[in-house]
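One structure is given below, encoded as structure tokens.
Nothing in this text is a laboratory measurement; each read-out follows from the coordinates by a stated rule. This one's a predicted model, so the numbers in the text were calculated from it and none came from an experiment. Neighbour counts run over all protein chains shown; Cβ positions are idealised from the backbone, glycine included.
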Amino acid sequence: MQTVGAQWLLVGLPGAATLVALVQTADTLPDVLLAFPAGTLADAFDRRRLLILVQLFQVVVGTTLTAFTLTGHINPPLLLGFTFLLGAGGAMAVSPYQALIPELVPRNQLAAASALGAISVNLARAIGPAIAGLLIGSVGVGWVFALNTVTFLGLIAVLLIWRRPIDTAAQAPERFVSALRAGGRYLKYSPVTRRILFRLGLFVAPATAIWALLPLVARQLLGLGAEGYGVLLGAVGVGAIAGAFALPRFSQRLSLNQLLVVASVAYGLAMAVLVTVHNPIAACVVLVPAGAAWVLVIANLNATLQVFLPGWVRARGLAAYQIVVFGSQAGGALVWGFLAEWTGLIAVFLIAAGALLAAVATIRVWPLYDVRGVNREATVVWPEPSLGFEPDPDTGPILVTTTYTVSPDRQERFFQATERLRLSRLRTGAIRWELYQDGADPTRFVEEYTVPSWEEHLRQHHGRLTGADVEIEREVDALSDPPPQTRHLFPA
């Protein structure tokens with residue numbers, strides 16, 4: 001609702017295509033800048049309190065924007081500035097909000113709850129603008145801003161009533177800078193996460209042309225006012241609802257890659273038809289499958305990532321998802337807005353549709369990984385380190401060495417398994433990993449990895465490993481005879 005109100009204030013001004021697209025950019029750019037710090041805070045501190053503070057900030061900004069609008073003192077720079085501040089509050093809220101889902105439902109319902117969370121967000125994005133279009137025509141934009149501000153109070157009330165589980169809320173927090181670096185390392189060395197984010201960006205960047213430029217399509221190509229624009233967005237909402245109900249059935253019958261192809265093709269064709277058939281009824285018809293396709297892709301990829309990420313880095317991983325979604329929207333909106341000024345709406349929509357179809361054609365080269373059956377449960381299997389002294393948690397860097405004895409007939413399998421082990425070590429805290437072979441004894445191998453501090457290494461011991469990491473380690477250990485020996489070396 002907020003975005004539609006801001007866009008409609010600008011739609012009749014000179015340079016409207018750029019200004020309208022800049023609203024989308026101002027709203028989503030903070031997600032690129034602040035999402036990962038927000039995810040780090042959400043993993044390190046009490047997510048409930050963080051969300052309450054963010055919502056209070058939103059109330060203050062929203063109230064000020066409403067006052068400026070109702071008194072007639074709003075102008076494009078002020079509007080874009082307030083939109084950016086509200087976007088900043090939203091960026092700080094999304095990651096902790098999504099990361100709370102595993103605290104609300106048991107793990108066997110996590111996939112369904114994650115999908116429902118993603119669906120609810122996208123349904124709100126589809127239905128809210130439709131309501132805003134109707135309100136703008138009857139009571140004006142200022143009251144749309146006011147209603148948006150009131151909704152922040154609703155989430156504050158829910159958070160004040162709910163209490164986090166004691167065992168969850170009492171966990172010792174990570175330090176902010178080290179947590180930020182650990183989250184970055186996890187993303188860097190998790191091929192599954194990187195591929196999900198890559199495919200997400202390839203879909204969102206061209207698909208965002210509809211969200212950024214639909215007000216101009218309504219006004220310039222279809223000759224509609226605010227109410228008509230609301231009806232168009234209502235069609236997107238109907239499609240989103242249909243996509244939400246269809247998601248379980250599609251997920252059962254199609255693989256992740258097949259679903260992505262079907263949804264992308266449907267969305268791309270809808271974009272092309274939207275601007276070539278200048279008829280409001282036809283536009284509403286094609287926006288229904290577009291809304292369904294958007295929810296199918298966004299919700300399914302979000303749910304997949306939510307289930308795949310281990311708990312200790314979940315908010316940071318979801319922050320990266322948020323950065324890709326909103327970063328692609330911010331950049332895409334800006335590009336499509338500028339192109340619309342130069343080439344016209346019809347050409348820019350056809351270019352965006354072509355880009356979307358070209359992107360999905362790369363699915364054979366860069367498919368999504370099948371992670372069904374991968375054990376993502378946090379597992380504590382490492383014994384407590386046996387030390388002759390009590391080190392300070394800040395001591396570091398720590399060198400961890402493991403010695404293996406591997407017969408020649410097992411060494412090929414050993415090398416393959418240690419490549420997976422390397423990624424596991426680097427995901428969970430190591431900043432460097434090496435494997436050496438003894439020159440005097442070719443069956444003797446020494447694995448070395450460096451961890452920034454003793455505290456960081458203890459976090460590897462106490463909950464950063466998943467069942468999949470343990471399976472990798474056991475596969476490597478089984479190839480050593482006798483069993484491997486591990487030592488911890490401290491700076492002397």
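Angle check, please: helix 191-216 long axis (alpha carbons) against the longest principal axis of the chain (alpha carbons), in degrees 0 to 90, nearest 10. Tilt relative to the chain: about 10 degrees. Rounded to the nearest 10 degrees, the inclination of helix 256-276 to the longest alpha-carbon principal axis of the chain is 20 degrees. Under the classification rounded if a/c is under 1.5, otherwise prolate if a/b is larger than b/c and oblate if not, where does the range 232-351 fall, given a ≥ b ≥ c as square roots of the Cα gyration tensor eigenvalues? Oblate is the answer for the range 232-351, as a/c is 1.5 or above yet b/c matches or exceeds a/b.
Estimated from the Cβ-Cβ distance and a Förster radius of 41 angstrom, the FRET efficiency linking Val446 and Ala358 is about 0.30.
Which value, to two decimals, describes the C-alpha radius of gyration of the range 1-111 once divided by 2.2 N^0.38 Å? Could you put the intermediate results ahead of the total?
Details: Rg = 16.5 Å, N = 111, 2.2 N^0.38 = 13.2 Å.
Taking N as the residue count of the range 1-111, the ratio is 1.25.
The convex hull of the Cα atoms of the range 41-99, projected and averaged over all directions, covers 4.0 nm².
Stokes-Einstein diffusion for the chain, with the hydrodynamic radius set to the Kirkwood value over Cα pairs and evaluated at 10 °C in a medium of 1.306 mPa s, equals 65 µm²/s. FRET efficiency for the pair Ser386 and Leu53, taken as 1/(1 + (r/R0)^6) with r the Cβ-Cβ distance and R0 = 35 Å, rounds to 0.20. On the basis of the beta-carbon distance and an R0 of 35 Å, Ser255 and Arg474 show a calculated FRET efficiency of 0.75. Highest-first packing order for the peptide set 361-368, 231-238 is 231-238, 361-368, based on the mean count of other beta carbon atoms within 10 Å.
Any idea what the dipole of the chain comes to, in debye rounded to 20, about its Cα centre with Lys/Arg Cβ at +1 and Asp/Glu Cβ at -1? Walk me through the intermediate numbers first.
Working: 34 positive and 31 negative charges, 218 e Å.
Roughly 1040 debye for the chain.
Farthest toward the positive end of the dipole of the chain, out of Leu318, Gly354, Val94, is the Cα of Gly354, where the dipole comes from beta carbon charges about the Cα centre. Remark: relative contact order (the chain) = 21 percent; criterion is Cα-Cα distance under 8 angstrom and separation of 6 or more residues. So how far apart, in nm, are the two label points at Thr71 and Glu341 if each is 7 Å from Cα heading toward Cβ? It works out to 3.2 nm between the two label points. The largest-to-smallest principal axis extents of the Cα set in the range 164-290 are 58, 34, 28 Å. Distance between the modelled labels on Ala282 and Leu13, one decimal in nanometres: 3.3 nm (7 Å Cα→Cβ projection). Computed from Cα atoms, the angle from the helix 280-308 axis to the main principal axis of the chain rounds to 20 degrees.
In plain terms, the chain from Tyr369 to Thr486 could stretch by 38.9 nm, reckoned as 0.36 nm per residue minus the Cα-Cα distance.
Overall size of the range 1-59 from C-alpha positions, given as principal axis extents largest first: 46, 22, 13 Å.
Relative protection proxy for 65-73, 6-14, from highest mean packing down: 6-14, 65-73 (other beta-carbon atoms within 10 angstrom).
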